[in-house]
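The structure appears right after this line, and notes come after that.
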Amino acid sequence: MAWSIEGEYMENCNCEILCPCITSSMAGPADNERCYVPLAMHIEKGEKDGVALDGLNAIMVVDAPQVMGEGGWRVAVYLDERADESQQAALGEILSGAVGGVPSVLAGLVGEQLGVRVVPINYTSDGAHKRVEVPGIMDFEIEPVRNPETGEVLEVTNTIHPMGSNLPIAKSIRGTFDDFGLSFDNTGKNGHYREFAWSG
């Protein structure tokens, strides 16, 4: 049952910059009554029980209460249509938390599974500029927030986050989603990105 995935991720929530969930490690209230956020992953290298997952993409879209740490999340999962049946099954097991690791911690916060779709996922990364698109469903694009004097990307450090404790700060250029009866627009709102490595 051993597995590992590593690569990079991006997100774009509906909080203003900077998201209170990040600064409070999910213990404080978000800016809005509901928190809408996609966690989009590009797996550079990965495998589960000999099934290679290299190069695949996956997305978890979360609709959470104002205090994310209290649970009750509603989650939709999107798997890369380039994955064959064994790869889809492996990704599904990993993201559901059924085989341990970080997703098993997140699974404890999920109250409702909205559904799983196998779709074309276009994930592009140009330095600190990231975009993920599922045609007809979602389009999220973020750019980093930089120090106006040095040009360096601003970061929040030493927080609790499933992808890692240090997060570059970003702002969305576009941020639309419409599926499973849930529709939102996070354009101009808070974003993050970084490399990640999960295993179980």
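Any read-out appearing in this document is the output of simple, stated calculations on the displayed coordinates, not a laboratory observation. Please read all numbers here as calculations on a predicted model, not as lab measurements. FYI the Cβ positions are ideal-geometry reconstructions off the backbone, even for glycines, and counts take in every protein chain you see.
Quote the FRET efficiency, to the nearest 0.05, computed for A98 versus L154 with a Förster distance R0 of 41 Å and r equal to the Cβ-Cβ distance.
Result of the calculation: an efficiency of 0.65.
Using only DSSP helix segments of four residues or longer, with each worth -39500 (n - 2.57), what per-residue ellipticity at 222 nm results for the chain after dividing by its residue count and rounding to 500?
On the way: 3 runs with 22 residues, N = 200.
About -3000 deg cm²/dmol.
What's the whole-number percent of alpha carbon pairs in the chain lying beyond 23 angstrom? Could you put the intermediate results ahead of the total?
Details: 7909 of 19900 pairs.
Pairs farther apart than 23 Å: 40 percent.
Report relative contact order for the chain in percent, whole number only (criteria: Cα-Cα under 8 Å, sequence separation at least 6).
24
Report the gain in length on full extension from H129 to R117: 0.36 nm times residue separation, minus Cα-Cα distance, nm rounded to one decimal. Intermediate results must be reported in sequence, preceding the final value.
Working: separation 12, 0.36 × 12 = 4.32 nm, distance 2.58 nm.
Result: 1.7 nm gained on full extension.
Cross-link partners among lysines for K48, C-alpha distance below 28 Å, same-chain residues fewer than 8 apart left out?
K130
Per q in 0.16, 0.17 Å⁻¹, report the Debye log10 I(q)/I(0) for segment 1-112, using one uniform scatterer on each alpha carbon and no solvent.
These q points yield log10 I(q)/I(0) values of -0.75, -0.83.
I'd like the isolated cysteines in the chain, meaning no second cysteine's beta-carbon lies under 4.7 angstrom from theirs.
Lacking a cysteine Cβ partner under 4.7 Å: C13, C21, C35.
Straight-line reach from K171: which aspartates and glutamates have a Cα under 12 Å away, not including same-chain ones fewer than 8 places off?
Reachable aspartates and glutamates: E11, E16, E141, E143.
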